[in-house]
């Protein structure tokens, strides 16, 4: 049959379209020898994604299809969407596989799929439905991290489908130690960590910098979700500090060898504690921190709201995590809580599934690093050179509302504070002889005037003893505040 050029072109176009859709046998890729579906749960999703990326680059595994699923459902139809599945490995919701999932497991196993649970303690009845628990596979997943998940899948394939495929045994990180985020390596001794840190960071004056202990958790490190830690380390290094990421459990254990040198001196000048990673039992952690004797500054990694949601919220940190993110660290002695990161879901383009990762918030990380840096600097200053602001209650403005919180702040408590500062070597100027004199001094020279006329009167009465803030200085400070916050301040207060 003769075909005109137009018809020929149209036929070729149709063939190309069908080939792209995989609807013609010649263009369809060869059926894989095996399909493995991995459902790792949120905490290990980043590590699983990276493990699958590595496996897909192995020339020996190009005929194996690896599929990573999110943890929202355990649905047989979704799992079998790409075809017959040989293995399913699931840790959905951690221990939260429910009896409702039994039907899906039965459907899968009846079709020849073996379904492995990667965590123990799941709902009753699932083993009867066909869910298997393999101690070897569980040991890999329990150890966690990209390498262990990669080796877990290699080990499983080597049993029958890819006999002879090389794999390595599970390597569990130490219970306590150090973590180098550039190379993502664990270290059991300070000397080993420092050697790797120096090589990775390539900072000439590293050893002369103040060392900051970055407290985190073993489980967080083995998840493979560590990019945000490197962002934090880089921010601290940019402000002239070195960083010592460490982990331990329980929080008060192992600090003697983690944070002290052979002479019993602290290795660190401050601790930057992510969330409540230093524990919340005062009787245990406070003695340990008192022995170290350095500031502990709390960094908050949001676990519920994503950073954009938190930034737009009128209440800030949500009520469902405020107590343990803010209150609990304060019980252990951590100060100045600063939100520095939060969890987000991102589509991994290589595996086509959303993975849950922690994302640093650059402006907040910089603020946290700045706070820690200033506290470190204060440790080397003489008290007489330090500037201390003592704040007291005076709202609404006016002399009558000085100390109107109905506590014994003025004059007795404030007098006691000033005397203590004076004894410690701070420059407090000439102190009044009696508490009553201090109260009168505050009323005449240290109250917020209610009107412009009262402000002018205060200036005339106090003269040079009243320090006024220059409007240009105030505007320069306001300009350094994040735009959203400064706009809110101006909208509220003018």
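Table for the structure above
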item	result
Residues located in the range 352-365, provided they are crowded, with 16+ Cβ neighbours inside 10 Å and assigned to a helix (DSSP H, G or I)	364, 365
Test for residue 102: is it out of contact with any strand residue (DSSP E or B) (no Cβ under 7 Å at 6 or more places or on another chain) and modelled with pLDDT of 85 or more	no
In the range 180-196, the residues that are in contact (Cβ under 8 Å) with a residue 24 or more places away in the chain and either assigned to a strand (DSSP E or B) or within 19 Å of residue 224 (Cα to Cα) (or both)	180, 181, 182, 184, 186, 193
Residue match in the range 390-406 (condition: modelled with pLDDT under 90, in a helix (DSSP H, G or I) and surrounded by fewer than 14 Cβ atoms within 10 Å (Cβ to Cβ))	yes
Output for the range 420-440, where each listed residue is modelled with pLDDT of 95 or more, touching a helix residue (DSSP H, G or I) at 6+ places or on another chain (Cβ under 9 Å) and either more than 15 Å from residue 387 (Cα to Cα) or not in a loop (DSSP other than H, G, I, E, B) (or both)	421
Single condition residue 443 does not satisfy, out of (1) part of a helix (DSSP H, G or I); (2) in contact with a helix residue (DSSP H, G or I) (Cβ under 6 Å, 6 or more places away or on another chain); (3) under 26 Å from residue 401 (Cβ atoms); (4) modelled with pLDDT of 85 or more	(4)
Filtered residues of the range 207-230 (kept if touching a helix residue (DSSP H, G or I) at 6+ places or on another chain (Cβ under 6 Å) and either assigned to a helix (DSSP H, G or I) or more than 20 Å from residue 296 (Cβ to Cβ) (or both))	223, 224, 225
Qualifying positions in the range 172-185 - closer than 18 Å to residue 141 by Cα, surrounded by fewer than 20 Cβ atoms within 10 Å (Cβ to Cβ) and touching a strand residue (DSSP E or B) at 6+ places or on another chain (Cβ under 9 Å)	174, 175, 185
Residue within the range 27-42 that is assigned to a helix (DSSP H, G or I), in contact with a strand residue (DSSP E or B) (Cβ under 6 Å, 6 or more places away or on another chain) and either at pLDDT 85 or above or within 19 Å of residue 347 (Cα to Cα) (or both) present	yes
Residue list for the range 127-154, filter: surrounded by fewer than 20 Cβ atoms within 10 Å (Cβ to Cβ) and more than 28 Å from the chain's Cα centre (by Cα)	127, 128, 129, 130, 132, 133, 134, 135, 136
Residue that is more than 28 Å from residue 366 (Cα to Cα) and without any contact (Cβ under 8 Å) to a residue 60 or more places away in the chain, where the choices are 460, 473	460
Answer from 89, 118, 69 - the residue that is under 24 Å from residue 347 (Cα atoms), surrounded by 20 or more Cβ atoms within 10 Å (Cβ to Cβ), touching a helix residue (DSSP H, G or I) at 6+ places or on another chain (Cβ under 8 Å) and modelled with pLDDT under 90	69
Residue 344 vs. criteria farther than 25 Å from residue 294 by Cα and surrounded by 20 or more Cβ atoms within 10 Å (Cβ to Cβ)	no
Failed condition for residue 279, given (1) in contact with a strand residue (DSSP E or B) (Cβ under 8 Å, 6 or more places away or on another chain); (2) touching a residue at least 40 places away in the same chain (Cβ under 8 Å)	(1)
Filtered residues of the range 259-277 (kept if buried (at least 21 other Cβ atoms within 10 Å of the Cβ) and either modelled with pLDDT of 95 or more or closer than 22 Å to residue 194 by Cβ (or both))	259, 268, 269, 270, 271, 272, 273, 274, 277
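The values are calculated or read from the model by the stated rules, or taken from the named source; none is laboratory data. Remember, predicted model here, so these are calculated numbers, not experimental data. Virtual Cβ from ideal backbone geometry, glycine too; neighbours counted across all protein chains shown.
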